[in-house]
1. Enumerate the calculated ³J(HN,Hα) couplings along the stretch 111-123 in order (Karplus 6.51 cos²θ - 1.76 cosθ + 1.60, θ = phi - 60°), each rounded to whole Hz, writing x wherever the residue is Gly or Pro.
2. Under 20 Å between alpha carbons: how many lysine pairs meet that in the chain, if sequence neighbours fewer than 8 apart on the same chain are excluded?
3. Given a 1.4 angstrom probe, I'd like the percentage of the accessible area of the chain that is carbon and sulfur, rounded to a whole number.
4. So in the chain, what percent of DSSP beta bridges are antiparallel if you round to the nearest 5?
5. Around Asp123, under 11 Å between beta carbons, what's the net of Lys plus Arg minus Asp minus Glu among the other residues?
6. Of Leu105, Phe57, Thr38, whose Cα points farthest to the positive end of the dipole of the chain (charges on the beta-carbon: +1 Lys, Arg; -1 Asp, Glu; origin at the Cα centre)?
7. Tell me, what is the percent relative contact order of the stretch 117-274, built from C-alpha pairs under 8 Å that lie six or more residues apart?
8. What is the extension gain from Arg279 to Glu317, computed as 0.36 nm multiplied by their sequence separation minus the C-alpha to C-alpha distance, in nm to one decimal?
Amino acid sequence: MAKSTSLMAVALLAALFAATAVYAFRTGATVSTSEPHTLKLGHSLDQGHPVHAALEFMAERLDEKSSGTLRMEVIPNGQLGAETECVSLVQRGVIAMTKVSAAPLENFVPEMAIFGVPYVFEDEQHYWRVLESDLGRELLLAGEKQGLHGLCYYDAGARSFYTVSKPILEPADLAGLLIRVQESPTSIAMVEALGGSPTPVDFSDLYTNLQQGVLDGAENNPPSFYTNRHYEVCKQYSLDEHTRTPDLLVISQRWWSRLNTQQQQWLAEAAAESAEFERQLWKEKTEEALTKSKEKGVEVYTPDLQAFREQVKPLLESYRGSRVGDLIDRIQKMADDP
Ligand code: GCU
């Protein structure tokens, strides 16, 4: 994280620690229904991003449902720290909620590694079939033991490579390129398997690293590529769609367990409605991001995926016999379901 961002985060956190809510959780008190109560949520995305819009939508819905007694304050742009830092704050109950990509969440909830396994989903339909199944629900709640209660998934589309100069049309094009990945062992393994050199960097530092030539490229979905202005530096975007890594809305188990049944229901309903809202918006914003990126001079490619899929087969095989290997089997069995 940049130094100025760190200082800002420290100041904000100091203020948060002073909040009465923290006192309530230290003493184990329940959240009162008569006095207005605010749940703080930190995330890494820009305010122009569709997931941020969904979180603001959720805040409105919660306000309406609870007649203003249970509110959400959405703090964007990594102001409270990078994604792993926000998860750690949620775990400890310092802030109530975060929206985090499944990739960095893997450091806390090992099952999340499945979403970093390349080409484990055949296509978008297969991906949603899994997320909406019992397995999807199981994965959403897999963080309970780590103090993280999953409320919903947000669509984060497919992640693809973008580079400053050379387009990635086949895995061999990644050779010798320094590619930014999320803070996730599986993302590192994915780029290595495809032949690139992975480097974990915080999302908030990525633009500067690309601009300064420290990195040759990165990988992400079109709305994140566009809203974070990575198109200003990376002019080659190859839609190889190697992973479908959802975002998760997570509430601290400490906060969740102190809400009464009515408050939990308001929150669960508002989250489900915001997920529905986001899924519609996602499609529109993905197309818009690609169109606008092209207008800004970005070349968008749709490479043949066969070579990419072949290249990662040994990586998928290497998981055999592990928890992730079992998840791969369960997911692949759902590929042809109606
Ligand atoms: C996506 C995801 C973010 C994440 C980012 C990243 O945009 O929605 O939560 O921070 O990828 O690559 O770090």
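1. 4, 5, 3, 4, 7, x, 6, x, 6, 6, 9, 5, 6
2. Count of close lysine pairs: 17.
3. Looking at the chain in its full context, I get 50 percent from C and S.
4. Values: 19 of 35 bridges.
Of the beta bridges lying entirely in the chain, close to 55 percent run antiparallel.
5. Net of charged neighbours comes to -1.
6. The residue sitting farthest along the positive end of the dipole is Thr38.
7. 36
8. 10.5 nm
The values are calculated or read from the model by the stated rules, or taken from the named source; none is laboratory data. Computed from a prediction, not measured in an experiment: that's the story for all the values here. Cβ: placed from backbone, ideal geometry, glycine included. Neighbour counts: every protein chain shown. Just so you know, the surface numbers come from the protein's heavy atoms only, side chains and all, with ligands and any DNA or RNA stripped out. Shrake-Rupley method; radii C 1.70, N 1.55, O 1.52, S 1.80 Å.
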